[in-house]
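I have placed the structure first, in the form of structure tokens, so that the comments after it can refer back to it.
No value in this document is a laboratory result; all are computed from the given coordinates. It should be emphasised that the depicted structure is a prediction, and the values quoted were computed from it without experimental measurement. Methodologically, a virtual Cβ is constructed for each residue, glycine included, from the backbone with ideal geometry; neighbour enumeration extends over all protein chains shown.
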Amino acid sequence: MTALDHNPVTDARDSTTAIEDDSPPATSAGPRSDRLKNMIPPIFTLVAFIAAWYLYSALKYDIAAQRRNALPYPHEVWSDGFLPLSDKVNGFRPILGYMWPTVKVTLIGLLISIALGTAIAVIMNLSKHMERALFPYAVLMQTIPILAITPLLTQLFGERLGVRLVVVVLIAVFPIITNTLFGLQSTDRLHHDLFTLNQASRWTRLRKLEFPSALPAMMTGLRIASGLAVIGSIVADFFFAQGDKGIGYYIRTRQQKASERPEMFAGTITASMFGVLMFVVVSWITTRAIRNWHDSARSRS
Amino acid sequence: MKPTDSSPRGARTAVAPGSSALTFKNVSMTFPDGTHAVDDVSFDVAAGEFVTVVGPSGCGKSTLLRIASGLEHATTGFVSIDRSSIGYVFQDATLLPWRTVQRNVELNAELQGMDKPTRQAEARKAIELVNLVGHEKKYPKQLSGGMKMRCSLARSLVLRPKVFLFDEPFGAVDEITRERLNDELLLLFRHEMFAGLFITHSVQEAVFLSTRVIVMSARPGRIIADYQVSFPFPRHHNLRYEAEFAELCGQISADLKDAHS
């Protein structure tokens, strides 16, 4: 038996409010024609971009010198950079072959960044002293010109997988640290009081309060880091030539000769497509992780 | 203290009189920044008593609750309370947004180490008490303001506390919902017979809910009036429109006006 008698009027009003709150926005549940309509603006941007590319290439094309421009035509990138399907040195097949190590380094590096960045943020969150002791060096790590310390990195980590992972982590870990720390520290003060009243231990507080509160911010950090991890693994190929070479090596070795520019652009476009894919997949995962309860997740889905 | 009606009409005989659940003795509070929030406050709340403190905003009413619960420590004076058995209802519902209603209601019991089957069963009972049956699987963002407050109340009810501290819990909900929640809270109070200390700046709410109303002055907050409210239980919500009720509200409001000046 309930101690309270039911009042259907107020209850009905209560649940109407809740249902209104609950209804998803029209865009995510809209019919297919809406989705097609949503695709028109980005396609328009793409067409405009390719047109501008043609225009620039045409203006800079030097017929007298009989050599290719710094920016080949888009159709040249397609036909010379991607299409030679049977070619074992240039074209789509070798590009895919070089992509695999890049994908591997990016994913492993990102996982290390998540683990390390979260751990560092948790330690910083333990006390103001810890934060003061560590934060300046987290910033410093972000500002290190990696090119300058390549000999040191080689000496420490060799020239193979290890050093590539180090470069990815150096580039990708910072947004994870700062976003996680921000998330942990913006835990609601009254929620902290609630846990204090229940004599919660430091560990319980972290696990059941601060960590879940920080999740939305951590997801933002992860989205940023996923893009940076791709950049890191490509940049690493520019500095280190041993071990499994990635797409960065393909790009670098086709940068010198003007005749190989279409190949270089084909490699670059593939690499950035991978970056976009990473961002989309990570965004999808992060949105799913918090969509049940967090407001921001709804509009992005 | 002001002399009050010496003939209480309320049926308060169920609890042994004089068994104090919460005692403030000469409590004063000065914050580190020099704000003198509370000045020499002394009163008792007995089991089965529902005491409401009204006062101008910033008079240290909420500070009293924070001192009682141990969230703050009084500069001088002392508080006597069984801290293992407090229910604290905040201004906000303070629900954890990533937990469903059921899991939110379980929270206090979970943190206090109650085993899972027991706390799940206790949470279901509490959810029934506050009329949230059918909403167990919803997340806080799917609830209305009134429902959130009920969920928050249920969370504290699970532990069957002997003392309930309410920090302006219905300040953020609309008038109709507030009156409805007041009615519900009264029923709960009569059902559970806890000692209640309630903070509000609504005089009407104070008189309707309480067996006793304490009026505090502007900062530094001290007690300037103390009324026994002797309307019998169960109180019907139409009590709010009776002449005696209005008269008492008027008296308390007049005290409050003096407190401001």
- Determine the pairs where a residue that is in contact (Cβ under 8 Å) with a residue 40 or more places away in the chain, located within the stretch A:86-112, has a partner that is of a type in the set (F, W, Y) with Cβ atoms under 6 Å apart, the partner being 6 or more residues away or on another chain. A:F92/A:F82; A:Y98/A:Y250
- Task: Any residue in the stretch A:131-154 that's in a loop (DSSP other than H, G, I, E, B): show its pairings with residues that are of a type outside the set (V, I, T) at Cβ separation under 8 Å, as long as the two are six or more apart or on different chains.
- Result: A:I144/A:L170
- Note on the structure: Residue hits (the stretch A:192-224; under 31 Å from the mean Cα position of the chain (by Cα) and either among the β-branched types (V, I, T) or facing chain B (nearest Cβ under 9 Å) (or both)) are A:T204, A:K208, A:L209, A:P212, A:S213, A:L215, A:T220, A:I224
- Query: Taking the stretch A:229-263 on its own, how many of its residues are polar (S, T, N, Q), part of a helix (DSSP H, G or I) and free of Cβ contacts under 8 Å to residues at least 60 places away in the same chain?
  - Reply: 1
- Extreme residue, farthest from B:D174 (Cα to Cα), among residues of the stretch B:96-105 that are of a type outside the set (V, I, T) and more than 9 Å from chain A (Cβ to nearest Cβ): B:R103
- Of the residues that make up the stretch A:127-149, is at least one within 28 Å of B:S62 (Cβ to Cβ), away from chain B (no Cβ under 14 Å) and among the basic types (K, R)? yes
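Has the stretch B:159-174 got at least one residue that is within 11 Å of chain A (Cβ to nearest Cβ), surrounded by 18 or more Cβ atoms within 10 Å (Cβ to Cβ) and over 20 Å from the mean Cα position of the chain (by Cα)?
Looking through the stretch B:159-174, none of the residues is within 11 Å of chain A (Cβ to nearest Cβ), surrounded by 18 or more Cβ atoms within 10 Å (Cβ to Cβ) and over 20 Å from the mean Cα position of the chain (by Cα).
Yes/no matrix, rows are residues, columns are (1) within 22 Å of B:D92 (Cα to Cα); (2) among the acidic types (D, E):
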position: B:L129; (1), (2): yes, no
position: B:L132; (1), (2): yes, no
position: B:Y139; (1), (2): yes, no
position: B:L143; (1), (2): yes, no
position: B:L153; (1), (2): yes, no
position: B:E179; (1), (2): yes, yes
position: B:N182; (1), (2): yes, no
position: B:M216; (1), (2): no, no
position: B:P220; (1), (2): no, no
- Item | Of residues in the stretch B:34-55 being crowded, with 18+ Cβ neighbours inside 10 Å and part of a loop (DSSP other than H, G, I, E, B), the one farthest from the other protein chains (Cβ to nearest Cβ) | B:G55
- Task: Return only the number of the condition from (1) more than 9 Å from chain B (Cβ to nearest Cβ); (2) over 14 Å from A:L126 (Cα atoms); (3) polar (S, T, N, Q) that A:T180 does not satisfy.
- Result: (2)
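Do we have any residue at all in the stretch B:214-233 that's of a type in the set (D, E, K, R), over 21 Å from B:F164 (Cβ atoms), out of contact with any Asp or Glu (no Cβ under 7 Å at 6 or more places or on another chain) and crowded, with 18+ Cβ neighbours inside 10 Å?
yes
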- Note on the structure: Within the stretch B:56-79, the residues that are assigned to a loop (DSSP other than H, G, I, E, B) and within 14 Å of chain A (Cβ to nearest Cβ) are B:G70, B:L71, B:E72, B:H73
- Message: From the list B:K138, B:K148, B:K116, exactly one residue is under 18 Å from A:L194 (Cβ atoms), without any contact (Cβ under 8 Å) to a residue 60 or more places away in the chain and of a type in the set (D, E, K, R). Which is it?
- Response: B:K148
- Item | Residues that are more than 17 Å from A:T204 (Cα to Cα), more than 7 Å from chain A (Cβ to nearest Cβ) and assigned to a helix (DSSP H, G or I), drawn from the stretch B:106-135 | B:P117, B:T118, B:R119, B:Q120, B:A121, B:E122, B:A123, B:R124, B:K125, B:A126, B:I127
